[in-house]
Amino acid sequence: MLTDKEAKRIFKEKASREPDKYYATSVLRQEGFIREKCIHCKKFFWTTKPKKECDDPACSGGFRFIGNTPVKESMSYIETWKKFSSLFKKIGYTPIKRYPVVARWRPDVYWVGASIYDFQPYVVSGEVKPPANPLVVPQICLRFNDVDNVGITGAHYTGFVMVGQHAFQPPEKYDQDQYFRDIHSWLKKGLGIKNNEITFHEDAWAGGGNFGPCMEFFSRGLELGNQVYMLFEQTPSSYRELNIKVLDMGMGLERNAWFSNGTSTSYETVFPTVVKKLCNITGVKTDSDLMKRFLPYASYLNVDEAEDIDKAWLYVASKIKADVKELKQKIIPLSALYSIAEHSRSLLFALSDGALPSNIGGGYNLRVILRRALSFIDKYEWDISLSEVCNGHASYLRPLFPELSENLDAIAKIIDVERQKYNSTKQKSRQMIGKLIKEKISKDRLLQLYDSHGIDPNMIREEALKLGKSVEIPKNFYAEVSELHSREKKEAFEEREKLDLNGLNETKALYYDDYKKHSFKAGVLKIIKNNVVLDQTIFYPSSGGQDHDTGSINNQDVVDVFKQGNIIVHVLDNKPRFKEKDGVEGAIDLDKRLQLTQHHTATHIINAAARKILGPHINQAGAKKTTEKAHLDVTHYQSITNEELERIEKLANKIVNDKIPVYLSFMPRNDAEKKYGMNIYQGGAVPGKSIRIVEIKNIDVQACGGTHLKNTSDVEKIKILRAVKIQDGVVRIEFVAGGRAKEEIDKTKGTLDKLSRILNVDEAQIPARVEELFTKWKKARKAIKKAKQISKKELELKSTQRFGGDILAKTAEILKTQPEHLVKTVKRFMDELESFRKKVN
Ligand SMILES: [Zn+2]
Ligand SMILES: [Zn+2]
């Protein structure tokens, strides 16, 4: 198969030879457009008057709308969407709400990077119906490949709203001419620009094995949007028409609003209140005359395109007849200020949708922009609070995205913790830098220093400068850094070796309705070595973090069960004594199933309880349920304290004792998403057009295929064992439920009994007594080692202070050990202290 790039190139040539077949040329001709070919980039384009150059800024001489927009009535950022959506509503489109920017429904990416992501993979593949058809959506997208251009070019963003115009239709209903007319009506009636101000560029698009033509639209050097027609899919030998053809028009809301205002940078149009406030705080002024001259050339400073960024500055300065030093002095602080505003807005969306900065995957991107913003604040010693900037964005965006105002306190807390982490990294790195700059620092070394120690390259450069050394920072440093972890989600997606199961139907799963059903009859469809596929089964395969069932088929032990696609495979301990097409009987180990089921339902309960106690940023990052114990990994920006853990446990047990019904049902994906929102994908992306919903009424709703109880009271009891930070931004909560919880509670009781006997105190007095024991043991050991005088009396234990929380956890914390080692450890200290006492007089 061709790569997307090759497919695009080949198809583009084909479409150029037959434009009438692939573009809405009849509409264009009706509107008075003629076809031309650009003498620079050789692209075909459509214009109302003969010209030799297309409207790409590189071919046509940069932006020509600044201070000079052809739009008669300018619109604010918010108004631009309102006007767009009301116009499209009138012509038959349904405006829908944005999706979260965290792409929980997709296994391959962290962030939504385009409006079409909302509908991939199931709507685009035709498996699931779209939420409306045709539709328009203001979708916030995050992209981190332009981080270094943000602020400086006046046009780049890490977070932007892509206005999507989408239709999903079988070939006979797909009406490309109409879609084109619709977007053209936005340019004419919405923005109110004349045809002689519009240029359409013919192009082609390819992605994920699909491809088709597309039409970009420009005005005065600015690309306003791109209408993509996904028509074909590649096959191993050639290509074929898609069953569902997709209209994918994407248009930056930022660009359209900017264009209608013609301000010098888009930031002034997109977040006017925030820019104004930041200018007031910092005293940075916009020199509007200089900006007016500078901005048309700002795109020359695009780090992706400029060969030598210093040369580019010189070129721009000469073009606008300014002194390069003065130009930099005025522009660079301003671009820092714009970056702070821009990055805060992206953070606001991401944090509000439940993401957290960290050092892995998508969280890493957030940390990069957060630290980039903080480093500007530090560099200029500005008195800017990022959380206040977020508040400013939330209030400006309220008419469009009211949900952004809901979690501002939690967001402020996250940013505060991040700021502390940043400060402590900075201190640590100062100490390192002294040593570092003695060596030659390569680009890879800079990347590695940022990646593993969080050292910002600008700090290295500044320190080096003091020693008269120069360090060169790669011009797109932050984009390269962001790239380092962006593939992790994809790679974590492992698969086991595939069996040849061609031609087999989906296995009918019998475990969804009743977790107590334990025996069944089935037909054997396929045997490969010890692997057995049945037409139906009650065996739960390992999935969603829940261990598989064990049991037997025709009295032969089943040791493993897994899923390959929609087919469930049973692994026997020996070669099956039955054959394909036989009828067999199977049974699972019901005790094990019950324990796993209790652990699974408890996992949902803990997730809900943790969110209630710790905040709305709590999301599942992973989970595992075995018969012995379970754990839930949650996203959290710091460690969970013992006190918080106790509150979570208490609330979880309240949910158990409240006897809340657990509803299990299959629902069309769309209905479920509409009813419950995208947070249902706590366990990650779930395939299929119908998804299983597990709902604990008013407590928790998730898309989950696991076995579940009918009522929370069947969990019987939940006991949290511990919480450990397993990586930056992720805390693991280990717990047990049901029979295992009772065992643990008995064990705890036993441990407490033993400790209180060894220490000769009440249970509540154990922590203080252990602390005293530890201190006096250290004192005695030191005295003996150094042959110092110490009296027996000094080593007597007498503390009686009482403790109100989790006694075992507290005691374990004092001794820095696990609760299960406490009895042994305390006994050893007591024995040793006793022998020390014998040694002193
Ligand atoms: Zn051109
Ligand atoms: Zn689940």
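The values are calculated or read from the model by the stated rules, or taken from the named source; none is laboratory data. On a predicted model such as this, the values are computed, not experimentally measured, just so you know. Cβ atoms come from the backbone with ideal geometry, glycine included; neighbour counts cover every protein chain shown. Protein only, heavy atoms only, side chains kept; ligands, DNA and RNA dropped before computing areas. Shrake-Rupley method; radii C 1.70, N 1.55, O 1.52, S 1.80 Å.
Quick notes
- Residues of segment 688-722 satisfying the condition of being in contact with a strand residue (DSSP E or B) (Cβ under 8 Å, 6 or more places away or on another chain) and open to solvent by 30 Å² or more (accessible area, probe 1.4 Å): Lys689, Ser690, Lys697, Val701, Gly705, Lys710, Asn711, Glu716, Lys717, Lys719, Leu721, Arg722
Here is a yes/no grid of residues against (1) of a type in the set (Lys, Arg); (2) assigned to a strand (DSSP E or B); (3) touching a residue at least 24 places away in the same chain (Cβ under 8 Å):
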residue: Lys674; (1), (2), (3): yes, no, yes
residue: Glu695; (1), (2), (3): no, yes, yes
residue: Gly705; (1), (2), (3): no, no, yes
residue: Asp714; (1), (2), (3): no, no, yes
residue: Ile720; (1), (2), (3): no, yes, yes
residue: Val724; (1), (2), (3): no, yes, no
residue: Val731; (1), (2), (3): no, yes, yes
residue: Val736; (1), (2), (3): no, yes, yes
residue: Thr748; (1), (2), (3): no, no, yes
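- Conditions (1) away from ligand 2 (no atom under 16 Å from the Cβ); (2) touching a helix residue (DSSP H, G or I) at 6+ places or on another chain (Cβ under 7 Å); (3) part of a loop (DSSP other than H, G, I, E, B); number of the one not met by Trp105: (1)
- A single entry from Glu13, Glu53 fulfils the requirement of being within 16 Å of ligand 1 (Cβ to nearest atom), of a type outside the set (Gly, Ala, Ser) and either within 39 Å of the chain's Cα centre (by Cα) or not in a helix (DSSP H, G or I) (or both): Glu53.
- Count of residues meeting criterion [open to solvent by 10 Å² or more (accessible area, probe 1.4 Å) and in a helix (DSSP H, G or I)] in segment 588-605: 5
- Identification of strands (runs of 3 or more DSSP E) wholly contained in segment 195-297 with 2 or more residues that are in contact with a His (Cβ under 7 Å, 6 or more places away or on another chain), of a type outside the set (Lys, Arg) and open to solvent by less than 30 Å² (accessible area, probe 1.4 Å) yields 210-219, 239-252.
- Segment 1-37, subset β-branched (Val, Ile, Thr) and modelled with pLDDT of 95 or more, residue farthest from Met230 (Cα to Cα): Ile34
- Screening the candidates Lys83, Lys97, Lys90 for the property of being away from ligand 1 (no atom under 16 Å from the Cβ), touching a residue at least 60 places away in the same chain (Cβ under 8 Å), under 29 Å from Ser266 (Cα atoms) and open to solvent by 60 Å² or more (accessible area, probe 1.4 Å) yields one hit, Lys83.
- Taken over segment 37-50, the residue count meeting the criterion of being assigned to a loop (DSSP other than H, G, I, E, B), more than 9 Å from ligand 1 (Cβ to nearest atom) and of a type outside the set (D, E, K, R) is 2.
- With respect to the conditions (1) part of a helix (DSSP H, G or I); (2) at pLDDT 95 or above; (3) out of contact with any Gly (no Cβ under 6 Å at 6 or more places or on another chain); (4) closer than 27 Å to Tyr450 by Cα, Asp383 falls short on a single one, namely (1).
- Segment 603-623 residues that are in contact (Cβ under 8 Å) with a residue 12 or more places away in the chain, paired with ones that are open to solvent by 10 Å² or more (accessible area, probe 1.4 Å) and hydroxyl-bearing (Ser, Thr, Tyr) (beta carbon under 6 Å, 6 or more apart): Asn619/Thr635; Ala621/Thr635
- Considered as a group, the residues in segment 444-468 that are open to solvent by 90 Å² or more (accessible area, probe 1.4 Å) and in contact (Cβ under 8 Å) with a residue 12 or more places away in the chain include one that is nearest to Ala373 (Cα to Cα), and that residue is Arg461.
- Looking across segment 352-380, just one residue is of a type in the set (A, V, I, L, M, F, W, C), part of a helix (DSSP H, G or I) and open to solvent by 10 Å² or more (accessible area, probe 1.4 Å), and that is Phe376.
- Residues satisfying the criterion are absent from segment 256-263 (criterion: modelled with pLDDT under 95 and among the aromatic types (Phe, Trp, Tyr)).
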